[in-house]
Amino acid sequence: MNLLTALDISATGISAERTRINIASMNLANADVTHTIDGGPYRAKSVIFQSVPLRQAQDSETSDSFQDHLNAQTASLEVVKVADIVNDPGPPFKEVYDPGNPDADSKGMVKLPNVNVMEQMVDIMSAARAYEANVTAMNTAKTMALKALDIARG
């Protein structure tokens, strides 16, 4: 595995975790929205990750023997990508009695979004830790490359 491969793997992880943080933040921002464009309460969203072989994720512009050798070495490596962002099928909407709310039904019940604030906060913290781990891996690869250059200058 070369330096650029290590950076590619970490970069895809950073991108995926950034999406996860953005979606969880959006869920938190809409935790009290009882009326959306579709007419109902906001429905929480979830990110679905998928692993993809590194060779498929890279654009291979050259097909010389060196590139073929690198492809053979990285054949078993995988990267993460965001496969989809879906509505969370989780818990049903919570109903509260609030007859003064403009979104209340004939019985005075208002449906609230299915956003669990604690779950979203845990998701943000988990994604932030994974983001940090990928940044650390990138920095380690960069440090190793700089040390190799120092040795070569020797």
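When a footprinting reagent is the concern and you count Cβ atoms within 10 Å, what order do Ile21, Ile151, Ile85 take, fewest first?
Ranking Ile21, Ile151, Ile85 by Cβ neighbours within 10 Å, fewest first, gives Ile151, Ile85, Ile21.
In straight Cα distance, which lysines are under 22 Å from Lys107, not counting same-chain residues fewer than 8 positions off?
Lys94
Tell me, in nm to one decimal, what length is gained between Ser15 and Ala29 on full extension, where the rule is 0.36 nm per residue of separation less the Cα-Cα distance?
Length gained, Ser15 through Ala29: 2.9 nm.
Arrange the peptides 114-120, 143-149, 24-30, 45-51 so that the one whose residues have, on average, the most other Cβ atoms within 10 Å appears first.
24-30, 114-120, 45-51, 143-149
Please identify the DSSP H helices in the chain that span no less than 18 Å along the helix axis (Cα) and have a mean Kyte-Doolittle hydropathy of 0.0 or more.
3-29, 117-153
Run down the lysines and flag those whose C-alpha is under 29 Å from the C-alpha of Lys142, throwing out any fewer than 8 positions away in its chain.
Lys81
If r is the Cβ-Cβ distance from Val122 to Lys81 and R0 is 30 Å, what FRET efficiency results, to the nearest 0.05?
0.85
Just for the Cα atoms in the stretch 71-154, what are the lengths along the principal axes, largest first, rounded to whole Å?
Extents along the principal axes, in whole Å: 80, 27, 17.
Calculate, in nm to one decimal, what Asp38 and Val96 gain on full extension: separation in residues at 0.36 nm each, minus their alpha carbon distance.
18.9 nm
Given the options Lys107, Lys94, Lys81, state which has the largest fluctuation in a GNM of the chain using a 10 Å cut-off (strictly under) for Cα springs.
Lys107
Using a/c under 1.5 as the rounded threshold, could you call the chain rounded, prolate or oblate? The axes a ≥ b ≥ c are square roots of the C-alpha gyration tensor eigenvalues, and prolate needs a/b larger than b/c, oblate otherwise.
prolate
Read-outs: derived from the displayed coordinates by stated rules, not from any lab. All figures in this text were calculated on a predicted structure; none of them were measured in a lab. When we count neighbours, we look across all protein chains shown, and the Cβ atoms used for this are built from the backbone with ideal geometry, even at glycine.
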